[in-house]
Amino acid sequence: MAAVKMAGLIATNTAAVVDTFPLSQGTIMAKKEVLDPETLALIEWCIEVEGFLVAGGATVAEAQDHIEEQVEWFTDQFYDGLTPEQAAKEALA
């Protein structure tokens, strides 16, 4: 019974927030940014690297943090032609 009450409370609070800040009153929306194919390929490659880092024992958060902290190194690996698996193995070594 408590879970039902909690769910109702959350729904009520969410509705209040939505009613307070309707989009029609000029809420700023993020611009859509079109990525060039090369940047998109790099992002997709990093997502694959993340999967291999997780398979190697890192948590998703650790893998994402590592990629962000070492973005230049990973970018170099991408342009040097390493596969995502090879880059992850080097990163885990």
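The values are calculated or read from the model by the stated rules, or taken from the named source; none is laboratory data. These figures come from a predicted structure and were not determined experimentally. No Cβ is skipped: glycine too gets one built from the backbone with ideal geometry, and neighbour counts run over all protein chains shown.
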Checked the range 25-60 for anything part of a helix (DSSP H, G or I) and either at pLDDT below 95 or more than 15 Å from residue 92 (Cα to Cα) (or both); matches are 25, 37, 38, 39, 40, 41, 42, 43, 44, 45, 47
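With the requirement that a residue be of a type in the set (Gly, Ala, Ser) and surrounded by 13 or more Cβ atoms within 10 Å (Cβ to Cβ), what does the range 59-93 give you? Outline the logic, then answer.
We begin by selecting, within the range 59-93, every residue of a type in the set (Gly, Ala, Ser); these are 61, 63, 81, 87-88, 91, 93.
Across the range 59-93, the qualifying residues are 63, 87, 88, 91.
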